[in-house]
Structures are given as C-alpha cells and as structure tokens.
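Step one of this worksheet: look at the structure below.
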Amino acid sequence: MTDRKHLLNVENLHVSFDTYAGEVKAVRGVNFYVDGGETLAIVGESGCGKSVTIQTVMRLNPEPPARIKEGRVEYGGEDLTKKTDREMRAYRGKEFAMIFQDAMTSLNPVSRIGKQMVEAICIHEKVTKEEAKSRVIQMLGKVGLSNPETVFRRYPHTLSGGQRQRVMIAMALCCHPSILLADEPTTALDVTTQAQILRLMKDIQKDTGCAIILITHNLGVVARMADRVAVMYAGQMVEKGSLRDVFYHPRHPYTWGLLGSMPDMQERTDTRLASIPGSPPDLFAPPKGCAFAARCRYCMEVCLEHNPGETPVSEGHCARCWLLDERAGNLVKPPVGRDEELVTPAMRDYIKKGGGADV
C-alpha cells in the first residue's frame, strides 16, 4: 500500500454475519486498492469472501445480519463504512455500478427494460424522462443489442441470457460510474457470448476510463482482462500483485494449486492436473494459524500456530505465507519446477500482450 491517493482504497476490512448458529467471519482483514482505468481481478474458491467483499464496498449486504466489524472503504476522501443506507443511495448507480452474476434474477421480471433503466437515470440525475429514454436507447445500442428501440419495450424474460447480460451492463453504465463491479458476469454464458461481453467491457473501460473490479473463477478470463490480481482464500487475500507477478512468479501454495489445475488445451499431455486436497476451513471458527495449512503439502509447525502477515515479494507483489519468511530460507519452489510452466501457452500469449488484451 502506498501513500498516493487511489480511486478506491479498502483497508483492514472485517465483515461477519450473525446467524443462529454463531458468527460467520466471512471477510478477515482484506486490503486492496483500485485506480481509474485499471482492472483488478479477485479470484478464489466459492465461499472465500469475494462477493461479500465487493458487496460491502457498495453496502449491499443487509445489515443485520451482515456487520462491518472493522476497516475502511475510502472513496473520494469519505469512509463508506460510516455512511447510512440513505447516504449510500447517492453512490450506488452513480459512482459505483454492479453487474450481477445472474441478470435474470437481477432485473425486475414484471417491468419493461426501458422503464427500469429510465428510472435508474432519473433517480441520480435531473433529466426529463424523454432525455433519459434517449440515453437508454443509445446505451442499449452501444452494448451491441440490435433494434434497441424494440429491446427498450421488452420484458426481461423475452431476451436471451447474453442479451440480458448486455442489458445489465448498459444499465450499470447509464450514469457513467467511476467503478464497475462485475460479479462473475460471464458464468452462465456460452463461450462466444462470453468473449463478446469481455471485449465490450474492455472497450467501455477505454472509452470512459472507469475502473473494473472483476470476480471470476476462470483464470483464462483473468489473463484476458486483469491488470492486477488478488487471490482470496478463507476471507483473506493470500496473494496480490500484477498479472505477470501472480501468473509467472506465484509465491503462495494456494496460487500454485489454482494455476496448476488449469488444463493446457493447446498441447496433448499425459501430465496429471494438480489438485488441492481437502476443503476450505469453517469460517464459524477459522483456524488460528494459516487458513490454508490443513491443505498445504508444505505446512510447517508455525503455519498451524500463527497466521502469517503480508510479506513483500517485489514492488506491488506480496503474499501471506511462512515460506517467504527469511528464516525459512529457499526451501520450496513451485511444484512444477519453473514458475512459467504453471501458465498454459494460451494464458502466456495474453499476458505477453500486456494483460487485458482483446479477446
């Protein structure tokens, strides 16, 4: 973390959910930032806290049962964790916009597309309904929907999955937000539509200069889209760095496992894919040491007793692992032998283009 001002800066964020069974510690000390015009990808297994983290930025988690125990979410010099729900309405849609994973459940099924989008604009800006309608139709055309005037009058259920996702993107961008948060926006889409959506998001970012925070399980999408990558596990970011750092020089065993589990689709090989045994820890009672220790083949006694802090690896690259401690020495290298071998040729091509290349 540097002293310079970032567009969004999240510091030591702790979020819990109070349930009848007890406290679920969903996010545990997360730190990250994002600047205008860049894409931060957050990756990790289901249940690691990715969605909770970005929904906390917009304060979309219902409070209660959600509870921000500690930390800051700083935007424009303001700490958003101190804002009331009424105050946050001025930020949602205008400063921050969300593309949800399932567009069908995120759009009002009994309201026409145009009505929903016009309403969103009129809430944040003093424009007439006719001006808002004109902007909506223009935006629907910009996201690649043919006959936007017809789409304006249609209901969500009459559109395909790809069309609904484009509507979600158009709705998110109608008020020209500074930060676009995308929660697995291509999960339910076919490969062709997925590529179109990713290309569209990059084109819009180039045109508007907005920042993108992308949540995805697909490391191929990360290679195409991201400038920087944060790897989450059990409510913590265990490794952070540039796309090249995390893909070519990973330093956390969990990151090694994620990269090693990606198949190489360009070459036939008999090499068995890497796998990560076991399951993530129960966040009702997180382990006192490293959360990944029980699944890590390199686990040491200190890993079970003490949770490692963030250790700098290089400029902008850090990881939470006791193997990086100077007392551990140079005991372990990535399991394949060379860092580059963890990255498939297809990913390497994208990364050589600088990351975020056209798909």
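The values are calculated or read from the model by the stated rules, or taken from the named source; none is laboratory data. From a predicted model like this one, the values you see are computed outputs, not experimental measurements. Note that we place each Cβ from the backbone using ideal geometry, even for glycine, and neighbour counts take in every protein chain shown. We work out accessible area using only protein heavy atoms, side chains counted, and drop any ligands, DNA or RNA first. Shrake-Rupley method; radii C 1.70, N 1.55, O 1.52, S 1.80 Å.
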- Query: Are there any helices (runs of 4 or more DSSP H) wholly within the stretch 144-257 with 2 or more residues that are open to solvent by less than 10 Å² (accessible area, probe 1.4 Å), and if so which?
  - Reply: 161-173, 191-208, 219-225, 243-248
- If Ile123 passes every condition in (1) outside any loop (DSSP other than H, G, I, E, B); (2) at pLDDT 85 or above; (3) among the aliphatic types (A, V, I, L, M); (4) surrounded by fewer than 19 Cβ atoms within 10 Å (Cβ to Cβ) but one, which one does it miss? (2)
- Would you be able to tell me the number of residues in the stretch 269-309 that are closer than 24 Å to Asp325 by Cβ, charged (D, E, K, R) and open to solvent by 50 Å² or more (accessible area, probe 1.4 Å)? 4
- Note on the structure: Within the stretch 30-45, the count of residues that are open to solvent by 10 Å² or more (accessible area, probe 1.4 Å) and over 11 Å from Met232 (Cβ atoms) comes to 6
- Query: Only one of these conditions is not met by Cys290: (1) modelled with pLDDT of 85 or more; (2) part of a loop (DSSP other than H, G, I, E, B); (3) out of contact with any Pro (no Cβ under 9 Å at 6 or more places or on another chain). Which number is it?
  - Reply: (3)
- Task: Starting from the stretch 63-83, keep only residues that are over 11 Å from Val10 (Cα atoms) and open to solvent by 80 Å² or more (accessible area, probe 1.4 Å), then list their pairs with residues that are among the basic types (Lys, Arg) and part of a strand (DSSP E or B) whose Cβ atoms are within a distance under 9 Å, requiring at least 6 positions of separation or different chains.
- Result: Lys69/Lys25; Lys82/Arg72
- Complete set of residues in the stretch 84-97 that are more than 15 Å from His176 (Cβ to Cβ) and open to solvent by less than 50 Å² (accessible area, probe 1.4 Å): Met88
- Enumeration of residues in the stretch 9-25 that are surrounded by fewer than 23 Cβ atoms within 10 Å (Cβ to Cβ) and of a type in the set (A, V, I, L, M): Ala21, Val24
- Query: Which condition breaks for Leu180 when tested against (1) touching a Cys at 6+ places or on another chain (Cβ under 7 Å); (2) free of Cβ contacts under 8 Å to residues at least 60 places away in the same chain?
  - Reply: (2)
